[in-house]
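Worksheet for the structure shown next.
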Amino acid sequence: MKKLFYIFVFFLPVIVSAQFNLYKDSPLDYAWQNIGNAGFSSGRADYISLAFSPSGQPYVAYEDDGNSQNATVMKFDGTNWINVGNAGFSPGPVYYTSLAISPSGEPYVAFVDYVISSTIIVMKFDGTNWVNVGSAGFSHGTPGYISLVFSPSGEPYVAYIDGGSLYANVMKFDGTNWVNVGNSNFSAGGAAFTNLAFSPSGQPYVAYEDDGNSFKATVMKFDGTNWINVGNAGFSVSYVGDTRLAFSPSDGQPYVAYQDGGNLYKATVMKFDGTNWVNVGNAGFSAGEADYTSFAFSPSGQPYVAYKDY
């Protein structure tokens, strides 16, 4: 009996190891890993925006304190983070940087430039230099909450808050000029945290904090002529922050994630079921206050939320 026991003990680590390896191939499967070196920017980075090229390369745009708070874009070449064109290429210090990659692979950046005009500038990298897309400074007043997105047909769209009226606006570049998409200042009142996305059918939608409806969440879409509400305006329980909009790849339903003032500033996600906005899971599901929410779907259709956790 002892002999049999020793044989069993001898083979036990092999059996356990084999079972473990069937479950996970590598210890790296358990950990978050740096992409390249940590702290790769030349100085402090603010207003960070991440996007992927069609070939799968990650790009980041940010306000670069190492270059006079101007805009910088970098990409990961598989080994290192390298500048895309010159670092600090904007005319002056920037805020609200928003990065998007065109279907053909050109990186575009929208930002508020506080030196030239205190309005929105959109620039693209043409392979050698960063060049203006249309006129520099095409918005009114000093805008905020910029969201740059490409339509399915490849046109760049920008949603933002007008600096004069504080209402929501969307503009697109028609190949020559930046033009309004529907009426300017289309929200019911002032707005904040504008976030733009396209439905699977190609309609632009905007989610925002709606000052015209008690600072609650509102989503509107452009029907080809007008901006119309998606469900009720101000559908959240209370005031919101950091509204983020995305569409489910499985059924095309719009989802909104936000900081929920009606639930101790915790994270909440809601979706539009065709008639009403309904909670996805529990409202206020984060452990504590959630700031700077970011929301996306996996290819398999699962919603994910990232946030700063108080």
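All of the numbers you see were taken from the coordinates with simple rules; none came from a lab. All of these numbers come straight from a predicted model, not from anything done at the bench. Neighbour counts are summed over all protein chains in view; Cβ atoms, including those assigned to glycine, are modelled from backbone coordinates with ideal geometry.
About the centre of its Cα atoms, the chain shows a dipole size close to 940 debye [charges on the beta carbon of Lys, Arg (+1) and Asp, Glu (-1) only; nearest 20 debye]. Per-residue 3J(HN,Hα) values for region 269-276, derived from phi via the Karplus relation 6.51 cos²θ - 1.76 cosθ + 1.60 with θ = phi - 60°, read 10, 10, 10, 9, 8, x, 10, 10 Hz in sequence order (x marks Gly and Pro). If you take all other residues with their beta carbon under 11 Å from the beta carbon of D251, and give Lys and Arg +1 and Asp and Glu -1, the sum is 0. Cα centroid separation, region 153-211 to region 103-134: 18 Å. An ellipsoid equivalent to region 102-205, defined through the eigenvalues of its Cα gyration tensor, has semi-axes of 21, 18, 10 Å when rounded to whole angstrom and sorted largest first.
Could you list, in their original order, any pairs among K75/K172; K216/K271; K221/K266 whose Cα atoms are separated by more than 23 Å? Going by Cα-Cα distance, K75/K172; K221/K266 fall outside the 23 Å limit. For the chain, relative contact order (Cα pairs under 8 Å, six or more residues apart, normalised by length) works out to 7 percent. All other residues whose Cβ lies under 12 angstrom from that of V131 are scored, Lys and Arg at +1 and Asp and Glu at -1, for a net of -1.
Could you tell me which of rounded, prolate or oblate describes the chain, using a ≥ b ≥ c as the square roots of the eigenvalues of the alpha-carbon gyration tensor, with rounded for a/c under 1.5 and, failing that, prolate when a/b is larger than b/c and oblate otherwise? Judged from the Cα gyration tensor, the chain comes out oblate (a/c at least 1.5, b/c at or above a/b). Per-residue ellipticity at 222 nm computed for the chain from its helices equals -2500 deg cm²/dmol, with DSSP H segments shorter than 4 residues left out and the rest contributing -39,500 (n - 2.57). Using R₀ = 41 Å, calculate the FRET efficiency as 1/(1 + (r/R₀)^6) where r is the Cβ-Cβ separation of N80 and A136; round to 0.05. Result of the calculation: an efficiency of 0.85. Sketch the reach of a paramagnetic label on N180 as a point 7 Å from Cα along Cα-to-Cβ, and name the residues of region 217-256 whose backbone nitrogen lies under 18 Å away. Residues 220-229 fall inside that zone. Between T275 and T128, the simple label model (points 7 Å from Cα in the Cβ direction) yields a spacing of 6.0 nm.
Counting 0.36 nm for each residue step from R44 to Q302 and taking away their Cα separation leaves a gain of 89.6 nm.
What does the net charge come to around Y62 if you take all other residues with beta carbon closer than 13 Å to its beta carbon, with K and R at +1 and D and E at -1?
Taking every other residue near Y62 into account, the sum is -2.
Say a paramagnetic label sat at a point 7 Å from the Cα of E155, along Cα to Cβ; which residues of region 186-210 have their backbone N under 18 Å from it? 186, 196-206, by backbone N distance to the label point.
Evaluate E = 1/(1 + (r/R0)^6) for A31 and Q57, where r is the Cβ-Cβ distance and R0 equals 22 Å; express this FRET efficiency to the nearest 0.05.
My answer for the efficiency is 0.50.
Enumerate the aspartates and glutamates that K308 could reach by cross-link, defined here as Cα to Cα under 14 Å, with residues fewer than 8 away along the same chain left out. Counting by Cα, and skipping residues close in sequence, K308 has these aspartates and glutamates nearby: D242, D260, E289, D291.
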